[in-house]
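Step one of this worksheet: look at the structure below.
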Amino acid sequence: MPSENDRPKKISRREFVKGAAVGAGALAGTSVLASCAPAAAPSGSAELPAKWDKEADVVVVGGGGTGCAAAMSAAEAGAKVILLETAPGLGGESSLCVGSISAPLSSLQKEQGISDTAEDYVEDVIHSAGANGSRSDRTLVQFLGENGGSTIDWLVGLGVEIRGPFEYPTHHRVNRMHMLYPNASAWPKVLRSAMEGKGVEILLETKGVELYTTCDNRVVGVKAVDQLSQETINIKANKGVVLAAGDLTGNEEFKKRFTSPENAAVPAAHAFNDGSGLQMGMAVGADVTRLDSYGSPGLRAAAPGPNVSVTGKQAWMPYGMMDAGAILVNKDGARFVNEKGSGTALATMEQPDRSCYMIYDDVVAQIFNKYPMVVSSYPGIGEVSGQGGWGMVDDFISRNGIKTGETIEALAGEMGIDPAGLKDAIEKWNGYAEEGEDPDFGRPTFGHPDAGTVGAGIKVGPFYCHGPIKPMILLADCSLAVNTSLQVLDPYGEPIPGLYAGGNMGHGMMIAGGHGTHMAWTFTSGRLAGENAAALEPWS
């Protein structure tokens, strides 16, 4: 049973806003109101700028997959667009992920002769969400099912290379998992060129911090800050603003409002996801959903190998690599945790370089070299296996994510791990495996019967190491409430005029079960939010 400190904290919306303001630091998270009658403007509000520094029809806050899709579609609709991105480059978390886009009814799917429906997709996505599936907004999942395939076609039409779709056992009844190729880092260059060709003004290292509204709460502009000069840029949005600034996983103080300080200290996969977009929406009255989803600490492989989760197992597999007998060690070569327990990420935070390494032998490696037994999800297509979206051991070796050694000492030297420490740890582990007891950390299993590895230990060379592996927090699903037009909603379910959102910060109660559903929502919500914002009548 989790301890009191491990449980998500219950939090009111007022506390959430307060925590956002504290955590954001430089985020000036209040809306800037135009003056109406003196009594109508809240204390401390400011008038609209006497002079706008820049002007566009649509202003997009955030340059990840959602923001780039929004800016591109708005420009295609004839709007003048300004795109703001805090980081030095475009892409956001959407360029760091595996790159799977799971959606039905694409041309690629039809070319494979696959018969599919949006309704079947809805059932599969909700089923994939597990216990949370019953909470999911079926209307938004249906919306994704109806529009996800055409979004894939749209991306392909812009020059983004996508392969597949590929199989996703137990989650999707037919092939729907499309893969960005060669990986997720490729699409930003394509979309940037397309956006610039349509006249989108891209302001990098420029952070959106506040929304300007009229006295009737119509969003009319964005206050931005140049991150190098710290100069304010006031940008008029004649038609609308699209918020696409990611989630809150990069804001430690913000996360402390939901969970323990230890959990909150685990770094985000993308440090620029600081919750600022959520705060901007909340400051003008946006409703917020899933306050309990701050993101969960987990272990992810780090460079040079692909950034994927390798210590768990896929739903269709009877066991994963850890179940089969792999162990975790630190840079000193020592075990430091019950590898089958729930505290591996937090325990790794206490290790040298906040890193660990997964060690196993050739017996285990060969099991996970034959599909459908996979190491984990995998960017693009496996170089050795040819499998799309799923990687076997040899695929990871081809990308330097897994190293091998004929002896334990050779493997340690390859990885920069202390050889004596690693040899000692494996000798101890082999003894524990034979005895069926781990006096150091209380691990309850020593192999898996289906793998034939119970009590086998780590004895058969060559030996394998996947690492470094680091603790990270991914995908906080706390979101602004939106409808199927991607309009941001207030607590009464009414749209806030001129304000749209998408991606991780704009999906309402659309719970994205399974690999590729988040990315399908990322690009689909962005594309349609930008299109809808561009269709508005100018406010002045």
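Some values worked out for this structure:
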read-out: In nm, spacing of pseudo-spin labels at SER229 and ASN430 (7 Å Cα→C-beta vector); value: 6.6
read-out: Fewest-first sequence of LYS189, LYS239, LYS256 by Cβ atoms within 10 Å of each Cβ; value: LYS189, LYS256, LYS239
read-out: Two-decimal ratio, segment 299-414, of alpha-carbon radius of gyration to 2.2 N^0.38 Å; value: 1.02
read-out: Kirkwood estimate for the chain, i.e. one over the average of 1/r between Cα atoms, Å; value: 24.2
read-out: Local electrostatic count, VAL200, Cβ distance below 12 Å [Lys/Arg +1, Asp/Glu -1]; value: -2
read-out: Label-point separation in nm, THR139 to LYS370, each point 7 Å along Cα→Cβ; value: 5.0
read-out: Exposure proxy ranking, count of Cβ atoms within 10 Å, fewest first, for TRP429, TRP187, TRP316; value: TRP316, TRP429, TRP187
read-out: ³J(HN,Hα) computed for each position of segment 63-72 - Karplus, 6.51 cos²θ - 1.76 cosθ + 1.60, integer Hz, glycine/proline x; value: x, x, x, 5, x, 5, 5, 5, 5, 5
read-out: In sequence order, calculated HN-Hα J values of segment 47-52 (Karplus, 6.51, -1.76, 1.60; Hz; x Gly/Pro); value: 6, 4, x, 5, 9, 7
read-out: Counting DSSP beta bridges with both ends in the chain, the antiparallel % (nearest 5); value: 65
read-out: FRET efficiency for ALA271 and ILE114, using Cβ-Cβ distance with R0 set to 35 Å, rounded to 0.05; value: 0.35
read-out: Sum of -39500 (n - 2.57) over DSSP H runs of 4+, divided by residues of the chain (222 nm, nearest 500); value: -8000 deg cm²/dmol
read-out: Cα-based Lys pair tally, segment 72-224, threshold under 20 Å, eight or more apart or on separate chains; value: 5
read-out: Whole-number percent relative contact order across the chain, with pairs defined as alpha carbons under 8 Å at least 6 apart; value: 23
read-out: For ILE327, net neighbour charge (Lys/Arg +1, Asp/Glu -1) across residues whose Cβ lies under 9 Å away; value: +1
read-out: Label-to-label distance, nm, for residues given as PHE441 and TRP316 (7 Å Cα→Cβ offset); value: 3.0
read-out: Footprinting exposure proxy for TYR357, TYR181, TYR371 (fewest neighbouring C-beta atoms within 10 Å first); value: TYR371, TYR181, TYR357
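Each reported figure results from applying straightforward, stated rules to the coordinates on display, with no laboratory input. Values in this document were obtained by computation on a predicted structure and should not be read as measured data. Here the Cβ is made from the backbone with ideal geometry for all residues, glycine too, and neighbour counts use every protein chain on show.
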